[in-house]
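J.: Sharing a structure, written as structure tokens. Questions coming.
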Amino acid sequence: MGQQISIWVDNECISAPKVNSVITDGIAIISGDFTEKDSAKLAYLIDPERNKFCFSEKSRNITLPTQKEYNEALANVPWVLKTEDTLVSLSMWTLCTFNSASEAYNKVSSQSGTSSDVDFEDQKIGGKDVKDWIYDDAKKNALEYIALKELADKKKLELDDSLIEMFKSYYRQFYESSKSLFSDLGISMDSFLKISTYPSMIKSELFKNLYGKGRELEVKDDELKTYFKENYISYYYVSVDLSTMDADNNTISVSDETKAKYEQFFKKYEKMLNNGNTTDDVTKQYRIDLGLIDSQMPSSVYNVVHKSDISEGTELDRFILGTKEKTAKVKIIDNTIYLVYRFDIREKADKIRDTDGNYDESFIDRDSVLQNMKKDDFEEYIRKAVESLAYETNESSIKNFSVDRALKIIKSNNLWSN
């Protein structure tokens with residue numbers, strides 16, 4: 001009685017209550033200044049059904065470790081990077097290295113236009129040797145994990161427990177499907193779940209905490225609309241494939257007569273839109289001309305996109321960008337005929353709403369526009385948080401569990417060929 005018990009789940013202390021009365025029957029109640037949400041979260045974390053273990057009393061004579069004893073115990077935990085409050089375990093570091101090696105391989109394959117692993121380690125990425133790039137990228141991601149974890153603690157971010165469990169359930173299945181590989185690498189499921197789920201979820205909540213309404217870096221609606229009008233386009237298109245299959249299942253062009261018929265249809269649609277008809281009018285006429293029934297969707301698209309997403313894209317993307325607002329144009333690209341109409345982006349800006357993830361074609365999701373607007377600023381915010389970390393590096397762990405070791409295990413499992 002009068003001493004303290006710490007409760008740990010997944011290597012994190014979730015509660016450290018003081019014992020107010022002697023526990024004689026194996027039943028304890030944690031009391032304190034909890035909100036309903038706080039108490040529900042704590043109960044969820046220590047629920048034996050969820051964690052598949054039970055609690056048992058180890059000792060009634062509990063004595064807290066001295067700082068020296070605590071430091072000595074912590075020193076025996078295999079780690080690679082750590083701050084005063086957070087560490088990246090050896091298992092987590094190995095996963096970061098593995099992920100970065102896979103990313104490096106994809107980059108090299110993209111550069112060379114081949115999926116062969118021949119001379120992979122002799123290649124360069126951004127002027128760096130592959131192994132150096134892998135190490136730097138793994139370290140960047142590991143430090144970002146620490147920075148995000150500490151920002152979440154500092155700002156008291158609350159992650160959705162049910163969403164965390166949903167993601168963990170998905171990644172548990174992924175882990176089990178490649179368990180032998182992860183075992184060879186020495187990656188535990190706990191490390192896999194942490195690296196796979198927490199960074200993206202913390203980023204999402206942190207972004208809202210920074211730029212959401214009423215937050216410290218709130219973006220006003222007028223600012224968002226101005227950004228939208230300068231950086232987005234909105235368009236509609238319909239298309240028809242001008243190819244067909246012959247008796248031997250070879251792709252051939254449609255007849256000149258059929259092609260001329262489609263060109264006539266599409267010139268009609270172009271004229272309709274440029275004379276004031278709506279895109280709905282064109283879609284109805286398109287259905288009639290092609291003999292589509294209600295259950296068949298026309299080859300049409302209403303879209304709102306950031307200009308950067310299509311600035312260096314396909315010929316169709318360039319055609320869309322080159323079409324003036326409130327104007328329709330027709331063009332044949334790669335044996336497909338397209339009609340494109342560009343909407344007035346100022347009118348679309350008035351349709352920006354908080355949609356809460358509910359899809360509605362008549363509105364534009366405010367969060368998605370805000371994400372694009374503040375993407376670079378947010379990345380800079382995270383980068384500065386990483387740069388400000390005061391951390392230690394365990395050089396012996398890095399040496400013993402190097403990039404070379406990860407690459408060797410990847411090769412022995414024939415991952416490059418798979």
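No value in this document is a laboratory result; all are computed from the given coordinates. Nothing here was measured: the structure is a model prediction, and the numbers come from that model. Glycine gets a Cβ as well: all are built from the backbone with ideal geometry, and neighbour counts include every protein chain shown.
J.: Cut-off is 10 Å between beta-carbons; in what order do 310, 293 appear when sorted fewest neighbours first?
T.: 293, 310
J.: Using +1 on the beta carbon of Lys and Arg, -1 on that of Asp and Glu, and nothing else charged, what's the dipole of segment 225-352 about the Cα centre, debye to 20? Spell out each step's value before the answer.
T.: Values: 19 positive and 21 negative charges, 148 e Å.
Charge dipole, segment 225-352, about its Cα centre: 700 debye, nearest 20.
J.: Which of 170, 181, 207 sits farthest toward the positive end of the charge dipole of segment 166-208, with +1 on the Cβ of Lys and Arg and -1 on the Cβ of Asp and Glu?
T.: 207
J.: Another one. For helix 161-177, what angle does its Cα long axis make with the longest principal axis of the chain, in degrees from 0 to 90 and rounded to 10?
T.: Tilt of helix 161-177: around 90 degrees.
J.: Assuming R0 = 51 Å, what is the FRET efficiency of residue 20 and residue 413, from their Cβ-Cβ distance, to the nearest 0.05?
T.: Calculated transfer efficiency: 0.45.
J.: Would you work out if segment 96-183 is rounded, prolate or oblate? Take a ≥ b ≥ c from the square roots of the eigenvalues of the alpha-carbon gyration tensor; rounded if a/c is under 1.5, else prolate when a/b is larger than b/c, oblate otherwise.
T.: Since a/c reaches 1.5 but b/c is at least a/b, the shape of segment 96-183 is classed as oblate.
J.: Same structure, new question: Checking the table 271/324; 124/179; 155/229; 271/351 against a 23 Å threshold on Cα-Cα, which pairs fail?
T.: On the way: 271/324 15 Å; 124/179 31 Å; 155/229 33 Å; 271/351 27 Å.
Going by Cα-Cα distance, 124/179; 155/229; 271/351 fall outside the 23 Å limit.
J.: Once you have the Cα-Cα distance between residue 376 and residue 13, take 0.36 nm times their residue separation minus that, and quote the gain in nm to one decimal.
T.: Between residue 376 and residue 13, full extension yields 127.3 nm more.
J.: Calculated FRET efficiency, residue 325 and residue 31, Cβ-Cβ r, R0 60 Å, to nearest 0.05? Could the numbers behind the result be given before it?
T.: Values: r = 64 Å, r/R0 = 1.06.
The formula returns an efficiency of 0.40 here.
J.: Kindly put 393, 197 in sequence by how many other C-beta atoms sit within 10 Å of each C-beta, fewest to most.
T.: Going from least to most buried by this count: 393, 197.
J.: Let me ask something additional. To the nearest 20 debye, what charge dipole does the chain have about its Cα centre, counting +1 at the Cβ of each Lys and Arg and -1 at the Cβ of each Asp and Glu?
T.: Dipole magnitude for the chain comes out near 320 debye.
J.: How many nm separate the modelled label positions at residue 39 and residue 129, each set 7 Å beyond the Cα in the direction of the Cβ?
T.: Going from the residue 39 label point to the residue 129 one covers 6.0 nm.
J.: Order of 189, 166 from fewest to most other C-beta atoms within 10 Å?
T.: The order, fewest Cβ neighbours first, is 166, 189.
J.: Hey, another quick one. Between residue 216 and residue 347, how many nm apart are label points set 7 Å from Cα along the C-beta direction?
T.: For residue 216 paired with residue 347, the spin-label model returns 4.2 nm.
J.: At a Förster radius of 22 Å, what calculated FRET efficiency corresponds to the Cβ-Cβ distance of residue 46 and residue 164, to the nearest 0.05?
T.: FRET efficiency, residue 46 to residue 164: 0.90.
J.: Using the Cα gyration tensor of segment 225-352, with a ≥ b ≥ c the square roots of its eigenvalues, what is the shape: rounded (a/c below 1.5), prolate (a/b larger than b/c) or oblate (neither)?
T.: Cα axes put segment 225-352 in the prolate bin.
J.: Net charge within 13 Å of residue 233 by Cβ-Cβ distance, Lys/Arg positive one each and Asp/Glu negative one each, not counting residue 233 itself?
T.: Once all neighbours under 13 Å are counted, the net charge is +2.
J.: Let me ask you something else. Taking the Cβ of residue 146 as the center, what net charge do the other residues with Cβ under 10 Å away carry, scoring Lys and Arg +1 and Asp and Glu -1?
T.: That sum, taken over residues with Cβ under 10 Å, equals -1.
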